[in-house]
1. For the stretch 43-54, which positions are within 22 Å of Gly183 (Cβ to Cβ) and touching a residue at least 40 places away in the same chain (Cβ under 8 Å)?
2. Report the residue count in the stretch 29-64 for those that are at pLDDT below 90 and either outside any helix (DSSP H, G or I) or on the phi > 0 side of the Ramachandran plot (or both).
3. Among the numbered criteria (1) touching a residue at least 60 places away in the same chain (Cβ under 8 Å); (2) under 26 Å from Thr168 (Cβ atoms); (3) crowded, with 17+ Cβ neighbours inside 10 Å, which single criterion is violated by Ala31?
4. What about Arg190, is it free of Cβ contacts under 8 Å to residues at least 40 places away in the same chain, basic (Lys, Arg) and in contact with a strand residue (DSSP E or B) (Cβ under 6 Å, 6 or more places away or on another chain)?
5. Looking at the stretch 70-78, can you tell me whether even one residue there is in contact (Cβ under 8 Å) with a residue 24 or more places away in the chain and either within 16 Å of the chain's Cα centre (by Cα) or assigned to a strand (DSSP E or B) (or both)?
6. With the requirement that a residue be over 24 Å from Cys42 (Cβ atoms) and either touching a Lys or Arg at 6+ places or on another chain (Cβ under 6 Å) or modelled with pLDDT under 95 (or both), what does the stretch 88-101 give you?
7. Where in the stretch 110-195 are there strands (runs of 3 or more DSSP E), lying fully within it, with 1 or more residues that are exposed (fewer than 14 other Cβ atoms within 10 Å of the Cβ)?
Amino acid sequence: MPFEPSPPGSAPDALRSHRVFFALLPDARAAAQAAQLAEQLCRSHGLKVPWRARAERLHLTLLWLGAHAAFPARTADRAVEVAERVHLPAFRVCLDRAQSFSGRKALPWVLLGSDASVAGVVALHQALLAALHDDLSEGPEPAFTPHMTVLRAPQALAEQAIAPLAWTVREFVLLYNFVGSRGPYTVLGRWPLQR
């Protein structure tokens, strides 16, 4: 069965509220450190922002599987099947700089790492893409920049160094989010990496 991500512009955003994606979750210490960093960035730039990530919602997206009008059961079921085919070793990730990405109303402020410090993330992303190859529609592969969004703000943030935020990635997960929900994401599946 093919994946059925909603193409951009296929329905108003309000009608595509069910989102499914593969991700990495930071460990508790790294999540607390990232949430604290978001607070520091707000204070140091005098921001009162409409959205700031809470520790339990922080993640690093590996592969986006679309926004849908209803819970995409077929997509989720197929994602679980293909995730079983991905076998990689555990790895260390380190995010050591912050900057903003472009956006519409509010710019995402994100944490990033050097190529070497996120090489494991890129390898896992590529392995998931390869496992999903037969299920994805034809078209160019979207650019992938490993990052963790910590807040959204009306102004841009020039790239700056931060205290390194690092953890050992021992698993990847399939997450579900209903837009507007305030609790943690629902974990639809977990896959351990080899130790």
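1. Val49, Pro50, Trp51, Arg52, Ala53
2. So the answer is 10.
3. (1)
4. In short, yes.
5. No: the stretch 70-78 contains no residue that is in contact (Cβ under 8 Å) with a residue 24 or more places away in the chain and either within 16 Å of the chain's Cα centre (by Cα) or assigned to a strand (DSSP E or B) (or both).
6. Ala90
7. Strands (runs of 3 or more DSSP E) meeting the threshold: 160-169, 171-178, 186-192.
Conditions tested, residue by residue: (1) aliphatic (A, V, I, L, M); (2) out of contact with any strand residue (DSSP E or B) (no Cβ under 7 Å at 6 or more places or on another chain); (3) within 18 Å of Val169 (Cα to Cα).
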{"position": "His68", "(1), (2), (3)": "no, no, no"}
{"position": "Ala73", "(1), (2), (3)": "yes, yes, no"}
{"position": "Ala83", "(1), (2), (3)": "yes, no, yes"}
{"position": "Ala90", "(1), (2), (3)": "yes, no, yes"}
{"position": "Val93", "(1), (2), (3)": "yes, no, yes"}
{"position": "Lys105", "(1), (2), (3)": "no, yes, no"}
{"position": "Leu112", "(1), (2), (3)": "yes, no, yes"}
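The values are calculated or read from the model by the stated rules, or taken from the named source; none is laboratory data. All figures in this text were calculated on a predicted structure; none of them were measured in a lab. Counting neighbours? That spans all protein chains shown, and the Cβs are built from the backbone with ideal geometry, glycine included.
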